[in-house]
Amino acid sequence: MVGFSARLWPSLFLAKRRIKHLAKVRGIPPKFIVQIGAICIDPKHLALWIATDKDWERDQLLQDSTLAADCHAALRRSGYPPDAVPHVGIAIESQQTVDRDCAGSWWHMMK
């Protein structure tokens, strides 16, 4: 039997590709997008982190008032459970900040 979180991986993978494209068309190609959370418990326990190289790139994406809504729409279009989508957190951070504040450790930045 396939676990609940395993069934979410295809839609999550597609959503991350779409979110990467959303940032790219805004002029900021992300370094990567990582997901954290306990989606095996409930799909609403998900956060997506969009990583940029520089602080100014992060700041530009943070100033975009439609990005979070567009990310949630990408999740819905990708088949992520619609009742969970409003609970999904969207965070944006730069490698520059992680290097400066957390000695380059994304794990320390996210915890």
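A short reminder: the numbers here are calculations on the coordinates, not readings from a lab. Computed from a prediction, not measured in an experiment: that's the story for all the values here. Positions of Cβ are backbone-derived with ideal geometry, glycine not excepted, and every protein chain shown enters the neighbour counts.
Observations on the structure shown:
- Karplus-derived 3J(HN,Hα), 6.51/-1.76/1.60, for each residue of the stretch 21-38, Hz, glycine and proline x: 5, 4, 5, 4, 6, 8, x, 10, x, x, 5, 6, 10, 10, 10, 9, x, 10
- Convex hull volume per residue, computed on the Cα atoms of the stretch 1-93, equals 80 Å³.
- Distance in nm between pseudo-label sites at D53 and R77 (7 Å out along the Cβ direction from Cα): 2.7
- The helix-based estimate of mean residue ellipticity at 222 nm for the chain, built from -39,500 (n - 2.57) per DSSP H run of four or more residues and divided by its residue count, is -14500 deg cm²/dmol to the nearest 500.
- Taking amide hydrogens as placed 1.01 Å from N in the peptide plane, the amide H of S94 sits under 5 Å from those of T52, each at least 5 positions away in sequence or on another chain.
- Each residue of the stretch 99-109 was assigned a 3J(HN,Hα) from its phi angle through the Karplus expression (A = 6.51, B = -1.76, C = 1.60, θ = phi - 60°), giving 5, 6, 9, 9, 6, x, 8, 5, 4, 5, 5 Hz with x at Gly and Pro.
- Our coupling estimate for the stretch 46-57, obtained by passing each phi through the Karplus curve with A = 6.51, B = -1.76, C = 1.60 and θ = phi - 60°, is 9, 9, 10, 10, 9, 9, 10, 7, 10, 4, 5, 5 Hz, Gly and Pro reported as x.
- Calculated FRET value between R18 and R100, using beta carbons and R₀ = 30 Å, to 0.05: 0.50
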